[in-house]
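Read through the structure below, which is laid out as structure tokens, and then see the notes.
The values are calculated or read from the model by the stated rules, or taken from the named source; none is laboratory data. Being a predicted model, the structure only gives us computed values, none of them experimental. For neighbour counting, all protein chains shown are included, and Cβ atoms are generated from backbone atoms with ideal geometry for every residue, glycine included. Accessible surface areas use protein heavy atoms only, side chains included; no ligands, DNA or RNA. Shrake-Rupley method; radii C 1.70, N 1.55, O 1.52, S 1.80 Å.
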Amino acid sequence: MFILFDRQALFLFQYGVTNPLNLSGTHMYKESFHWKKLIPHIVAVTLFVLIAVVYCQPLFSGKVLNQSDVAGWLGMVHQMQQYKALHGHFPLWNNSMFGGMPAYQIALESGNVLSLGWFHRLFTLFLPAPVSFFFLLCISFYFLAQVLRVNPWISILGALAYGYASFSAILVTAGHETQIQAMGYVPFLLGALILIYEGKYRWGTILTGLFTGLLVAMNHPQISYYFILIALALTLGYTVRWVRARRFRHLALSLSLALGAGALGALTNATTLLTTYDYAQETARSGQLHMTATSDAGQNRSSDDAFQWSYGRAETLSLMVPNVYGGVSESLDKDSRLSKALDQGHLPSWESDQFFSAFNAYWGDQPETMGPVYLGAIICFLFIFGCVYARTPQKAWLIGVTALAVLMAWGRHFAPFNDYLFNHLPLYSKFRAPSMTLFIPQLTVPLLVTLGLQQLFYGQDPIPFIQRRFNLSLVLTGAVLLAGIALYVTLTYQSAQDVQRDQYLIQINKVDPIVGKGFLQAAREDRQDLFGTDLLRSMLFIAGAALMLGLFIRKRLGSGYALAGLTLLVVADLVLVDTRYLNYHSFMNKDEAAVSISPTPADRAISQDTSYYRVLNLSDGVDNAFQESETAYFHNALGGYHPARLALIEDLINYQLSTTPINQAVLNMFNTKYVILPHPLSPVTISSESGTPPKEPIVEQNQGALGPCWLVRSLHRVDGPVEAMRALNHFDPEDSAIIERQAAVPFEPQYSNGDSICLLHNDNDLITYASSGKKGDFAVFSEIYYPRGWKAYIDDVETPIVKVDYALRGLSVPPGRHLIRFVFRPASFYLGEKIASFSTWLMLLLFLGTLAAEARRLWLLRGRANHSS
């Protein structure tokens, strides 16, 4: 892929090029091209593939990843896959969760003939996941480093540092595939922007469009948002230089090309962008919760909610020392002090297990975590060295955006700053987990490292200058490690939840408080051991890297050996930590994966009923019912999981379905015919020393479920959504329907004995009913109200849909026999398809035109060379 670009720019630092670094901003090169210059690139690609294959070796022995999020996604998408098997395409509406939701928020299948997906397959060399993920991260960073004219061997080191930072392995384990693939395109796109800014207009423009399209296609808005922050910092750095040099024409042209190409690339994903924007207007994250109408009914999404996953200020040391706060929200090792103390406590096994699972290794402020963000001890040391030594125009914005990302990651721990951003930075309030901003240092830190090493190994600085800066970096790194030692001595290793859990377990299980405190102390000592071990580990890796650089600076070690040694140390440092989260045990046999989504006895019992109904799974509690989607694999669930739920269902969860007891009327109106409950004789509720496995959940049929549709006798009008929510607490949904006073209803219902309505067929995007009535009726349908795409027709005449019972659909039905159809045709989807198709064709034509122009340029150059000879 590298031979597509200006060879003079991309092959500057191959062997045989003299003075590869010119700090004045210009460079020298030979006009002739030698195929041997491709060798480092071939080695880089081979290394990236080989390391990823070795790391993910179980994949090639018939195993698959055990990813919780992927398993959940299978539950979300299963009904859509069944629909596709019958119709040849995915539906636009999914019935399997929350009373229904747009299916394109789960999986989107475009009908466009052309797709940028082929470029994605090319850039991942058609490798299987997760090998392709690690390769994409590495090759993308390598491209960026080549655009910045970094020696290929140094670029390899930086690429491996970016690709194998712990966050990558954690995302793979969790199944956050769209996120890690989006991260893979950020360096590509950043490099394309730099090509434009450096005057390579032709290739920079087309590649900016292409990589923007691929980044947006990964459909992870938060990573795209963080890219914009990086790009703004980069652009600001270049703009300052252009203004100082009075290069206003280049400034205007570069920014115009960048914005135009970015817009074109984004529009190739118009279907995703428009449907997501359309959907966002009805979601909880949009800040449009209907219960916000009065202060006593609810409140807008606050920074307290958004900043739950805030990185602790001391926890930031995990960038260099991974287990400063215990690492991961999982139980401690079986050979830990806590485990031994529990064994000596002579507790029943079930009680001992409760204590053991109550005190996780991680004890920081985040609700839970799958692991720390670890950039590598050596990489952090080299970053400090780059900060004090490197002289590159890129340094200022790299340091600035890195510091900004760390401050943003602190969230509520740096409240004045982050509250201001939350309230004023456009779109920032739409995202959660501020700790995710540490993706930015994962990119910017190794990038500055490569630039610093480029100057060290290929610059012309005098040895005394290098030695002074190297010594300063050692002092600064030592200060950071001393701060780590101070934390090791002074931290409490105890979270606020630990004391609560300890008191709860002592109270419930009648354990001697002194014994309980001993268990807590053992857990604290275990956590301190985790920190201390990793602190020593980081010191040793840093010492090894410092020794290697020191020997090179003193001319006692060649550059080739020094670079190879540094690369090996960096890979060893990172991969050894990565294997704590993604390892052999992360994979499972394919038959085991199939078992993990097999129906339970409760699922099989419910599936005997072939009518149309919904299921609420309370076997693991009310909260979990709306955080899991496995139930949706087998049934139409009232619960489910989606990171951005509709505001209507969110309100019902908060005010009706998470209450004690659950509002039975709401279950009835959503046609919740079956409820899955925990077995009454669960081991949690009995004292047993045998460790009895959990008993299977039981099924309870809800006799009050109202079915897919019904006719009401009256309408109960209320003043706005808040009163509608309150009215749900004391109404009979079978008898009356709650509507807001401003809703237009052509006539009052006049229900008569014998009037009826029934569901004929629910085919996701098309629902058909039949009604019969002597006078005008009002029908209620147990489907979530969603005004952006659903239209109702009575005998092919469009009829307005009325929101009733706070969240359902209602329809006035005239007397007589009628065929009622609900059709889902969201305008955002069909408009997006047209725009995306046009933009993709234009993008590909521009790409082919650029290739043709480049071929013509090379042909003319070759002709001139032959003529000269």
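Here are the numbers for the structure shown:
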| item | result |
| --- | --- |
| Nitroxide proxy distance, nm - points 7 Å out along Cα→Cβ at Leu551 and Asp623 | 5.3 |
| Pair Leu845, Thr579: separation of 7 Å Cα→Cβ label points (nm) | 5.4 |
| Magnitude of the charge dipole, the stretch 364-505, Cβ model with Lys/Arg +1 and Asp/Glu -1, debye to 20 | 440 |
| Evaluated over the stretch 153-282, the Cα radius of gyration and Dmax, each in Å | 16.2, 50 |
| Accessible area in the full protein assembly, largest first, 1.4 Å probe, for Arg788, Arg741 | Arg741, Arg788 |
| Carbon plus sulfur fraction of accessible area for the chain, probe 1.4 Å, in percent | 59 |
| Prolate/oblate/rounded call for the stretch 158-219, Cα gyration tensor, a/c under 1.5 rounded | oblate |
| Rounded to 10°, Cα long-axis angle of helix 221-244 versus longest principal axis of the chain | 40 |
| Net dipole in debye of the stretch 342-422 [+1 Lys, Arg Cβ; -1 Asp, Glu Cβ; about Cα centre; nearest 20] | 740 |
| Using a Förster distance of 35 Å, the FRET efficiency for Leu568-Ser329 (Cβ separation, nearest 0.05) | 0.65 |
| Solvent-accessible surface (1.4 angstrom probe) belonging to His716, in square angstrom, nearest 10 | 80 |
| Among Leu236, Ser115, Gln179 the positive-end extreme of the charge dipole of the chain (Cβ point charges) | Leu236 |
| Positive dipole terminus of the chain, leading residue within Met97, Leu530, Ala403 (C-beta point charges) | Ala403 |
| Whole-percent pair-distance distribution, where bins are 10 Å wide, for the alpha carbons of the chain | 2, 11, 19, 22, 19, 14, 8, 4, 1, 0, 0 |
| His424 versus Thr392: modelled label distance in nm, points set 7 Å from Cα along the beta carbon direction | 3.2 |
| Calculated FRET efficiency for the pair Lys36/Trp859, C-beta based, R₀ 30 Å, to 0.05 | 0.85 |
| Cβ-Cβ FRET estimate between Ala743 and Thr533, R0 fixed at 60 Å, reported to 0.05 | 0.40 |
| For Cys709, residues with placed amide H under 5 Å, excluding near neighbours | Ser782 |
| Per principal axis, descending, Cα span of the stretch 319-413 in whole Å | 65, 28, 16 |
| Point-charge dipole on Cβ atoms (K/R +1, D/E -1) for the chain, about Cα centre, debye to 20 | 4720 |
| On Cα atoms only, tilt of 415-424 relative to the major axis of the chain in degrees | 70 |
| Computed [θ] at 222 nm, helices only, for the chain once each DSSP H run of length n ≥ 4 contributes -39500 (n - 2.57) | -16500 deg cm²/dmol |
| Rg to Rh quotient for the stretch 730-829, alpha carbon positions, Kirkwood Rh | 0.94 |
| Fraction of the pair-distance distribution of the stretch 107-155 above 18 Å, Cα-Cα pairs, percent | 48 |
| Accessible-area ranking of Arg556, Arg202, largest first, probe 1.4 Å | Arg556, Arg202 |
| Farthest positive-ward along the chain dipole, Cα basis, beta-carbon charges - from Ser812, Thr208, Ala724 | Thr208 |
| Mean shadow area of the stretch 130-191, taken as a quarter of the surface of its Cα convex hull (nm²) | 3.6 |
| Degrees, to the nearest 10: 177-197 long Cα axis against longest axis of the chain | 50 |
| All-pairs alpha carbon distance profile, the stretch 310-369, 5 Å steps from 0, percent | 4, 18, 24, 18, 13, 12, 6, 4, 0 |
| Segment Val489-Ser752, extension gain: residue separation times 0.36 nm, minus the distance between their alpha carbons | 86.8 nm |
| Accessible solvent surface per residue of the chain, calculated while the other protein chains remain in place, 1.4 angstrom probe, Å² | 43 |
